[in-house]
1. What does the charge count near Cys43 come to, summing +1 for each Lys or Arg and -1 for each Asp or Glu among other residues with Cβ under 12 Å from its Cβ?
2. Among Asp33, Asp52, what's the order by accessible area (1.4 angstrom probe), most exposed first?
3. Summing +1 for each Lys or Arg and -1 for each Asp or Glu, what net charge is found among the other residues whose Cβ lies under 12 Å from the Cβ of Val82?
4. For Thr23, Thr48, give the ranking by accessible area with the largest first, probe 1.4 Å.
5. Enter the accessible area of Glu47 (Å², nearest 10), with the probe set to 1.4 Å and all protein chains included.
6. Along the Cα-to-Cβ line of Ser27, 7 Å from the Cα, sits a label point; which residues in the range 42-74 have backbone N less than 14 Å from it?
7. Sort Lys13, Lys37, Lys22 by heavy-atom solvent-accessible area, probe 1.4 angstrom, most to least.
8. What accessible area, in Å² to the nearest ten, does a 1.4 Å probe give for Ser71?
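The values are calculated or read from the model by the stated rules, or taken from the named source; none is laboratory data. Treat the numbers as computed from the prediction; the structure is a model and nothing was measured. Cβ sites come from the backbone with ideal geometry, for glycine too, and all protein chains shown count toward neighbours. Side chains included, ligands, DNA and RNA excluded: accessible areas come from the protein's heavy atoms. Shrake-Rupley method; radii C 1.70, N 1.55, O 1.52, S 1.80 Å.
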Amino acid sequence: MNKFVDSKYSMKKRLSEVGIGKTVVISSFENDDIFLKLMEMGCVPGETIIVDQVAPLGDPISILVAGYNLSLRLSEANNIWVEEAVVTPKLK
């Protein structure tokens, strides 16, 4: 294993850096002050979210979380660490 890159954490990025249409999973929060507010809105570690829309000037963004659309300021999205989700199709 490369001592400079830990593969477990190589896919983590801030929610504010995720492109439209991407599916990610919340891994952690950078700022504990905003954690309670985001948790009340359904943004909890392990929750799958999809970046739905980005405003023309880049702020705010709209995400799909827990079955509804949620609008977040870029400053809020910047405090959410996510990992790319591996989406596998369901077999019938």
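1. Result for the local shell: -2.
2. Details: Asp33 140, Asp52 55 Å².
Final ranking, largest accessible area leading: Asp33, Asp52.
3. Values: positive: Lys12, Lys13, Arg14, Lys22; negative: Glu17, Glu30, Glu47, Glu83, Glu84.
Summing Lys and Arg as +1 and Asp and Glu as -1 gives -1.
4. Details: Thr23 40, Thr48 70 Å².
Final ranking, largest accessible area leading: Thr48, Thr23.
5. About 50 Å², ignoring ligands and nucleic acids.
6. 45-47
7. On the way: Lys13 65, Lys37 90, Lys22 115 Å².
My answer, sorted largest first, is Lys22, Lys37, Lys13.
8. Roughly 80 Å² of Ser71 is accessible to a 1.4 Å probe.
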